[in-house]
Amino acid sequence: MEVGVNPVVSEGGSAKIALTGVRVFDGHQVGEPTTVVIDGAVIGTDPTGAERIDAGGAILLPGFIDAHIHLRGPETLAKLADYGVTTGLDMATWPPERLEALRKESGASDIRSAGTPLIGPGGMHARVPGMSDAAVITAADQAERMVAERAAAGSDYVKIVLEAPGGGGPDPEVAAAVVQAAHARGLQVVAHAASVGAYLTGLDIGADILTHVPREAEVSAPDVRRMAEQGGIAVPTIVMMEGIANALGIGGIEHCLATVGALHAAGVPVLAGSDSNDQVGVPFQPEHGAALHRELELLVAAGLTPAEALRAATSLPAKHFGLTDRGVIMPGARADLVLVDGDPLADISATRAITRVWCAGVEHRISWM
């Protein structure tokens, strides 16, 4: 490590750092060795007086964004950061007081959240231990009030759990009312859709983002085109579908991979999400942080290039969830950064070879190193 003289201390108490000899992933390719300045919480331009760290030609990636996680406590945020996930998009946390406390945590992964989800009275999610009674919606005329409650509690988007027809989820007209109420408040709707029937309902009601992907069959070509035409966004969580298939011994994920490949080829934005969770009663618990790296490998197996898979975990979720300050390495952007020892454009598994992580300019102490 090369250290400069009298390093500048930025506002907030963090040292100004100049990473020299880093090769930056710009969203498409890796450039020649250069210098990246961390100036407080953001990426700066002036290395004067900075502590200098020689990266020796290592590759610098934007901090990863996991587009589907489930929070537990502060330990979740630290574990995400251990694996370079500097932003986690939570899909269900309740009660609101618990979520508010997690939002105040600092020095690890940043979060956005749906807060309390919306579920039907008889589906699998209604039987999850500890599920909030406030999550259950049974009639369309409840949608406005329940969406308003989530907006008041600070939800960044609305999560609704769709089931196959007859599976106990919200009826289509109820789900459509939720979408209408959310859109009226400027909130996106993320719809759980793990079966073909639920996927089609998600398209019918105009959900913005469909999370999961059917395992039992491929989504048809006409419905893939419909999703593209409607401007839908996919968060397939293939790692979760793989885990469920293995845990229950119910076959492979060939249909998942084929659907993801078709969605990507049709121009549907595909975002990386792991569905990492510690929830009792769920068939599989992908590990927070680590599971995102498996998801990147599965996205490549589905037909994305390594560069496209990296964008699926950086700039694309930032764009489609309105996080305009992150997902790229450029001056003024939030200094969420991951240094790796290897080239993920040659082998996507190199994202696992993490050597250093910065969350909003503060270096995270990786627990497993």
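For segment 278-334, how many residues are open to solvent by 40 Å² or more (accessible area, probe 1.4 Å) and polar (S, T, N, Q)?
Looking only at that region, the number is 4.
Out of 140, 176, 198, which single residue is in contact with a strand residue (DSSP E or B) (Cβ under 9 Å, 6 or more places away or on another chain) and surrounded by 18 or more Cβ atoms within 10 Å (Cβ to Cβ)?
Numbers: 140 fails: in contact with a strand residue (DSSP E or B) (Cβ under 9 Å, 6 or more places away or on another chain); 176 fails: in contact with a strand residue (DSSP E or B) (Cβ under 9 Å, 6 or more places away or on another chain).
Matching residue, one of 140, 176, 198: 198.
Hey, could you check segment 32-53 for residues that are assigned to a loop (DSSP other than H, G, I, E, B) and among the charged types (D, E, K, R) and say which is surrounded by the fewest Cβ atoms within 10 Å (Cβ to Cβ)? Please lay out each step first, then the result.
Keep residues of segment 32-53 that are assigned to a loop (DSSP other than H, G, I, E, B), which gives 32-33, 40-41, 45-50.
With the extra rule that they be among the charged types (D, E, K, R), the set shrinks to 32, 46.
Numbers: 32: 8, 46: 12.
Per the criteria, the residue is 32.
Can you tell me which residues in segment 335-350 are open to solvent by 10 Å² or more (accessible area, probe 1.4 Å) and acidic (Asp, Glu)?
Step one: filter segment 335-350 for residues open to solvent by 10 Å² or more (accessible area, probe 1.4 Å), giving 339, 341-343, 345-350.
Correct list: 341, 343, 347.
Here is a list of conditions, (1) touching a helix residue (DSSP H, G or I) at 6+ places or on another chain (Cβ under 7 Å); (2) assigned to a loop (DSSP other than H, G, I, E, B), and residue 194 meets all of them except one; can you say which number that is?
(1)
Report, by residue number, each residue of segment 148-173 that is among the hydrophobic types (A, V, I, L, M, F, W, C) and either over 25 Å from the mean Cα position of the chain (by Cα) or open to solvent by less than 30 Å² (accessible area, probe 1.4 Å) (or both).
Filtering segment 148-173 down to residues among the hydrophobic types (A, V, I, L, M, F, W, C) leaves 148, 151-153, 158, 160-162, 164.
Selection gives 148, 158, 160, 161, 162.
Please specify each residue of segment 145-175 satisfying the condition of being farther than 21 Å from residue 113 by Cα and outside any loop (DSSP other than H, G, I, E, B).
Matches in segment 145-175: 172, 173, 174.
Yes or no: residue 145 open to solvent by 10 Å² or more (accessible area, probe 1.4 Å) and at pLDDT 95 or above? Step through it out loud before you land on a result.
Numbers: open to solvent by 10 Å² or more (accessible area, probe 1.4 Å): yes; at pLDDT 95 or above: yes.
Here the answer is yes, as residue 145 does meet what is asked.
Out of segment 97-131, which residues are in contact with a Leu (Cβ under 7 Å, 6 or more places away or on another chain), open to solvent by less than 10 Å² (accessible area, probe 1.4 Å) and assigned to a loop (DSSP other than H, G, I, E, B)?
Within segment 97-131, 109, 115 qualify.
Could you grab me the full set of residues in segment 54-96 that are open to solvent by 10 Å² or more (accessible area, probe 1.4 Å), out of contact with any Gly (no Cβ under 6 Å at 6 or more places or on another chain) and either in a strand (DSSP E or B) or among the aromatic types (Phe, Trp, Tyr) (or both)?
94
The values are calculated or read from the model by the stated rules, or taken from the named source; none is laboratory data. What you see is a predicted model, and the numbers here were worked out from it, not measured in a lab. Neighbour counts run over all protein chains shown; Cβ positions are idealised from the backbone, glycine included. Just the protein is used for accessible areas: all its heavy atoms, side chains included, with ligands, DNA and RNA removed. Shrake-Rupley method; radii C 1.70, N 1.55, O 1.52, S 1.80 Å.
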